[in-house]
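Coordinate-derived values only; no laboratory data. Here the structure is a predicted model, which is why all the values come from computation and not from measurement. When we count neighbours, we look across all protein chains shown, and the Cβ atoms used for this are built from the backbone with ideal geometry, even at glycine.
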Amino acid sequence: MSERQASIERNTLETRIRLSLDLDGTGSGERHTGVGFFDHMLDQLARHGLLDLTIAADGDLQVDAHHTVEDVGIALGQAFAGAVGDKRGLIRYGHAYCPLDEALARVVVDLSGRPGLFFRADFPVARIGEFDTELVQEFWQGFVNQAGVTLHMDVLSGDNAHHMVEALFKAAARALRAACSRDPRLGDDLPSTKGAL
């Protein structure tokens with residue numbers, strides 16, 4: 001494992017989550033949240049972001065998946081903030097377009113230190129299997145609030161909700177991977193004229 005790693009344990013009355021993250025990974029790890037489609041999306045995030053990501057979540061799924069999905073986003077955001085550290089020498093910005101058949105997603109990220117989610121997606125159905133599509137935004141909101149990043153997420157086209165969500169997660173993975181990459185020309189400097197992020 002690299003130095004850019006973090007582990008989080010988050011326990012509430014609704015969820016119990018253990019999460020480990022290595023930004024300099026290969027996409028390995030296991031994701032077990034009890035929500036099959038969500039695990040599939042987390043697999044995309046790990047693989048395309050080259051993140052070693054292990055998540056074990058036990059939530060109140062007898063209610064619904066909302067608390068589990070949101071709290072995994074919160075825990076991942078906390079781990080991400082810890083793993084990127086002070087952001088010295090990082091590129092800071094990242095963007096990616098990812099297609100999946102008819103669907104096309106664009107994600108742009110700034111490791112700004114300022115949380116902001118600008119989410120534009122019009123899914124054609126409310127559910128993908130047992131997964132509520134509105135939870136996609138809830139997950140990313142939890143992530144940005146804790147990670148301190150500005151994230152623009154747009155599904156530019158698509159007819160199949162599964163394809164649209166998956167393209168969005170793949171694009172997010174690629175954009176985050178780019179933003180977290182080291183810029184050899186920066187050395188240990190911060191990618192900011194303010195001297196702080």
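The table below gives the values:
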item: Cubic angstrom per residue, convex hull over Cα atoms of segment 88-173; result: 80 Å³
item: Computed over the chain: relative contact order in percent, which uses C-alpha pairs under 8 Å that are six or more apart; result: 26 percent
item: Contact order relative to length of segment 1-105, as percent, for alpha carbon pairs under 8 angstrom and 6 or more apart; result: 30 percent
item: Hull shadow area, averaged, segment 10-127 [alpha-carbon convex hull, nm²]; result: 8.4 nm²
item: Radius of gyration, Dmax [the chain; alpha carbons; angstrom]; result: 16.0, 51
item: Cut-off 12 Å between beta-carbons: net charge of the residues surrounding Leu51, Lys and Arg +1, Asp and Glu -1; result: +1
item: Label zone at Asp188 (point 7 Å along Cα-to-Cβ), backbone N below 14 Å, segment 79-95; result: 86-90
item: Length-normalised contact order of segment 96-197 in % [C-alpha pairs under 8 Å, at least 6 apart]; result: 41 percent
item: For the chain, the longest site-free run once GluC sites (Glu not before Pro) in DSSP loop states with at most 12 other Cβ atoms within 10 Å are removed; result: 31-101
